[in-house]
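Written below as structure tokens is the structure these notes are about.
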Amino acid sequence: MPDPVLDDLADRGQLSDPVQLRAQVRRMLADDRARALTSRFLSHWLQLDHLRKALPTQNHYPTFTRSLRDAMERESWLFCDHIRKEDRIILEFLNADYTFVNEELAKHYQLPGVTGPEFRKVSLRPGDHRGGIITMASILTMTSHTDRTKPTARGKWILEVLLGAPPPPPPANVGNFAPPAKDQPEPKNFREKLALHASNPNCVGCHKRIDPLGFALENYDAIGRWRDALGDEPVDNRGTLPGIGEFHGIDGLRTVLRTKQDQFVENLVAQALTYALGRDLSYYDEPTIADTVAALRNNNYRFSTMIEGIVLSYPFLHRQAE
């Protein structure tokens with residue numbers, strides 16, 4: 001609710017002054033009550049509520065406990081709130097060199113030197129294979145099966161959540177994996193089985209976009225632990241995308257996402273504007289998105305610049321209660 005400062009500015013008719021609006025946006029973003037922007041908008045954008053539905057089997061993943069799941073969720077929440085409170089660069093969602101862990105999660109990530117249940121900010125090295133939302137155990141776990149990874153779900157999450165380009169739903173007549181034809185050999189592994197399924201003419205278009213992104217994350221198991229091998233074989237983390245070519249693992253995936261940086265920024269602005277307006281966007285909102293993206297480029301992609309751009313936009317300032 002408005003505090004005395006906002007009430008006073010409103011009484012004096014100064015809340016429509018862009019200078020005052022910018023100052024108040026920055027003041028409010030630094031206030032602890034702005035945590036609601038993390039718990040409501042950012043958590044919803046990342047679909048973190050799906051983590052509560054993830055049920056890795058104890059037979060396959062005995063280290064997955066309720067406290068570990070809570071720690072995964074807490075890491076993502078603290079990371080997002082840090083970007084909000086410290087006015088960080090929004091591109092850190094893709095590739096930050098830090099995260100937040102307690103002892104249990106640090107052990108899960110094989111990060112040394114962290115003891116106790118309290119969460120703290122830790123610096124990440126390249127060899128830690130972490131950094132940004134996409135390598136967090138919360139995201140990797142909620143986009144997995146109960147007993148194995150699910151590359152299609154991981155790729156779909158990247159397209160839908162990070163890039164704002166969700167694939168269409170699968171055709172109604174496409175079910176589980178069909179057995180190979182009589183003249184075809186049995187698939188040797190899950191990757192070959194999925195490739196056989198994706199060769200269906202009704203499926204191939206979407207799977208060509210989705211699966212390469214997900215397979216790049218195959219070094220992370222179904223609860224987000226790093227692995228170099230699957231049994232006696234090294235992890236196959238290859239991906240190939242039209243117009244990009246072949247890439248490998250998380251480093252290759254980060255390179256792919258850097259080429260799509262503008263798409264990520266535009267999508268995040270659109271998601272924030274949708275949240276702010278409380279309605280779906282339409283063509284007449286496109287100038288607001290374009291102006292906010294331009295402002296972000298000119299201000300080093302600071303989180304506050306995105307919020308300011310939305311607050312000072314025509315759709316936000318002229319919205320009406322139904």
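The values are calculated or read from the model by the stated rules, or taken from the named source; none is laboratory data. Predicted model only: the values in this text are computed from it and were never measured. Using ideal geometry, Cβ is built from the backbone for each residue, glycine included, and neighbour counts are taken over all protein chains shown.
Would you tally the residues in the range 1-45 being in contact with a Cys (Cβ under 6 Å, 6 or more places away or on another chain) and surrounded by fewer than 13 Cβ atoms within 10 Å (Cβ to Cβ)? Please lay out each step first, then the result.
To start, the set of residues in the range 1-45 that are in contact with a Cys (Cβ under 6 Å, 6 or more places away or on another chain) comprises 38, 42.
Subset that is surrounded by fewer than 13 Cβ atoms within 10 Å (Cβ to Cβ): none.
Residues that pass the stated criteria total 0.
For the range 75-132, filtering for residues that are acidic (Asp, Glu), on the phi > 0 side of the Ramachandran plot and out of contact with any strand residue (DSSP E or B) (no Cβ under 9 Å at 6 or more places or on another chain) leaves 0. Do the conditions hold for Ser39, that is, is it assigned to a helix (DSSP H, G or I), free of Cβ contacts under 8 Å to residues at least 40 places away in the same chain and either within 15 Å of the chain's Cα centre (by Cα) or assigned by TED's automatic domain parsing to the domain that holds Gly132 (or both)? Taking the combined requirement at face value, the residue satisfies it. Among the residues making up the range 42-58, those that are over 14 Å from the mean Cα position of the chain (by Cα) and in contact (Cβ under 8 Å) with a residue 40 or more places away in the chain are Lys53, Ala54, Leu55, Pro56, Thr57.
Going through (1) in contact with a Gly (Cβ under 6 Å, 6 or more places away or on another chain); (2) closer than 18 Å to Glu92 by Cα one by one, Phe303 falls short only on (1).
Summed over the range 56-103, residues that are farther than 13 Å from Arg130 by Cα, in contact with a Phe, Trp or Tyr (Cβ under 9 Å, 6 or more places away or on another chain) and either aliphatic (A, V, I, L, M) or in a strand (DSSP E or B) (or both) total 6.
In the set (1) out of contact with any Ser or Thr (no Cβ under 7 Å at 6 or more places or on another chain); (2) polar (S, T, N, Q); (3) in contact (Cβ under 8 Å) with a residue 24 or more places away in the chain, Thr115 fails one condition alone, (3). Kindly indicate whether any position in the range 231-253 is buried (at least 17 other Cβ atoms within 10 Å of the Cβ), assigned to a helix (DSSP H, G or I) and of a type in the set (D, E, K, R). Looking for residues that are buried (at least 17 other Cβ atoms within 10 Å of the Cβ), assigned to a helix (DSSP H, G or I) and of a type in the set (D, E, K, R), one finds none in the range 231-253, hence no.
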